[in-house]
Amino acid sequence: MIFTVAIDGPAAAGKGTISKAVAARFGLAHLDTGLLYRAVGALVLAGADPVVAARTLNPADLEGDHLRTPAVADAASKVAVIPDVRLALVDFQRSFARRDGGAVLDGRDIGTVICPQAEVKLYVTASAERRADRRYQELVGKGLDVTPQGVLDDVRARDARDSGRDTAPLKPAEDAIIIDTSDLSIDEAVERAAAAIAAKWPL
Ligand code: CDP
């Protein structure tokens with residue numbers, strides 16, 4: 001069975017949580033494509049060339065708590081502007097999307113560029129304040145030294161860079177279902193996503 005669920009949206013909107021939950025519920029493989037850009041960003045912070053890092057990325061590069069830090073998120077959104085970095089990551093994401101058994105991919109350009117033929121396209125969003133508040137709680141929970149204002153500034157800067165770039169900017173696909181999680185619990189958001197998938201489920 002080929003069945004792709006594309007979940008796009010801005011930083012900390014809840015894509016990761018929703019993706020993991022629906023992947024488990026429907027038995028689909030899950031790829032967090034942000035991790036690819038975070039891994040390239042981390043390698044660049046360590047001195048690598050971004051395009052070389054993207055072309056030679058390997059599974060070990062995708063491991064480690066350091067990938068979740070604000071510094072790496074910032075570096076990720078900077079390397080994500082470079083067309084050759086994005087190009088180097090396209091084939092892997094496309095074959096993952098169309099792998100037998102079905103897949104959920106979350107990111108910024110899955111429904112628009114990586115897999116426009118995805119059976120289900122969701123655009124998960126929330127106000128910048130709600131997203132920053134959630135990300136702040138998450139980072140504090142990991143013991144990181146952050147401030148609410150600093151996290152909000154980071155989220156806004158990354159939103160602007162992700163939406164404003166020329167190559168594969170963040171935007172909803174024309175046929176995406178928008179899920180605004182500003183006033184939804186995790187369970188409510190997951191149920192909306194699951195209902196959208198169930199409506200297109202092939203069996
Ligand atoms: O978890 P969060 O939503 O904060 O970010 P992420 O999904 O891990 O993505 C980190 C950065 O990678 C984003 O700010 C984007 O600049 C970039 N990215 C992208 O350009 N395209 C994707 N498909 C996924 C991430």
Revision key, fill the gap. A careful count of residues in the stretch 168-185 that are part of a loop (DSSP other than H, G, I, E, B) and either among the hydrophobic types (A, V, I, L, M, F, W, C) or surrounded by 15 or more Cβ atoms within 10 Å (Cβ to Cβ) (or both) gives 9
Practice item. Could you please let me know if ASP65 is charged (D, E, K, R), more than 26 Å from VAL5 (Cβ to Cβ) and away from the ligand (no atom under 12 Å from the Cβ)? Key: yes
Review point. Taking the stretch 98-151 as the search range and keeping residues that are in a loop (DSSP other than H, G, I, E, B) and aliphatic (A, V, I, L, M), which one is nearest to the ligand (Cβ to nearest atom)?
Key: ALA126
Point to revise | Answer from VAL81, VAL72 - the residue that is of a type in the set (A, V, I, L, M) and part of a helix (DSSP H, G or I) | key: VAL72
Review point. Looking at this structure, is ARG108 basic (Lys, Arg) and within 13 Å of the chain's Cα centre (by Cα)?
Key: yes
Check your understanding: Just a yes or no: is a residue in the stretch 33-50 part of a loop (DSSP other than H, G, I, E, B), within 13 Å of the ligand (Cβ to nearest atom) and in contact with a Gly (Cβ under 7 Å, 6 or more places away or on another chain)?
Key -> yes
Check your understanding: In the stretch 152-163, which residues are among the basic types (Lys, Arg) and near the ligand (Cβ under 10 Å from one of its atoms)?
Key -> ARG158, ARG161
Practice item. Output the qualifying pairs, or none if there are none: Cβ atoms under 9 angstrom, residues six or more apart or on different chains, first residue in the stretch 180-203 and under 15 Å from LYS20 (Cα atoms), second residue of a type in the set (Ser, Thr, Tyr). Key: ILE186/THR17; GLU188/THR181; ALA189/THR17; ALA189/THR181; VAL190/THR17; ARG192/THR181; ALA193/SER19
Practice item. Being free of Cβ contacts under 8 Å to residues at least 60 places away in the same chain and within 15 Å of the chain's Cα centre (by Cα) is the filter; apply it to the stretch 76-85 and report the residue that is nearest to the ligand (Cβ to nearest atom). Key: ALA76
Check your understanding: What pairs can you find where one residue is in the stretch 10-28 and at pLDDT 95 or above, the other is part of a helix (DSSP H, G or I) and polar (S, T, N, Q), and their Cβ atoms are less than 8 Å apart, with a gap of 6+ or different chains?
Key -> PRO10/SER163
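The values are calculated or read from the model by the stated rules, or taken from the named source; none is laboratory data. Not measured: the values here are computed from a predicted model. Ideal geometry is used to build each Cβ from the backbone, glycine not excepted, and the neighbour counts take in all protein chains shown.
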